[in-house]
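One structure below.
Coordinate-derived values only; no laboratory data. Since this is a predicted model, take the numbers as computed values, not measurements. Note that each Cβ is placed from the backbone with ideal geometry, even for glycine, and that neighbours are counted across all protein chains shown.
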């Protein structure tokens, strides 16, 4: 488990979050309230998906049955940048995911791995009763723990 967690508050802005993503080279931030309880998750992938024109967010499987002309999007980059500029002052609370998959200190390793595979990394570790953020389980941390267990088997 990673215990040195970079987090943000729901009243911070998208601009604040983007600075944290860049400074700490992370892709997601747990959002905690004033008491340290997990209230959401804000991910770089989520903000980037909000910037794309709707036509580009169509799943590639959907494109098999329809033909889209995307030539009108050739010069869309300035519009995407303007849209990002407009989002910078927005409060994280307005855009965060409030339904977050979590694990507890007593969650079995295999369950944490299952959640990582299904929902991506990292998964917050919270106290069961208070929902206070204790740390994160990442793909790297889970793999490291598995390698420790492999060493114990010898």
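Order these peptides, 120-131, 105-116, by their mean beta-carbon neighbour count within 10 angstrom, highest first.
Descending packing order for the listed peptides: 120-131, 105-116.
I want to make sure I understand the PRE zone here: with the label point 7 angstrom from the Cα of residue 101 toward its beta carbon, which residues in the range 1-21 have backbone N atoms less than 18 Å away?
1-2
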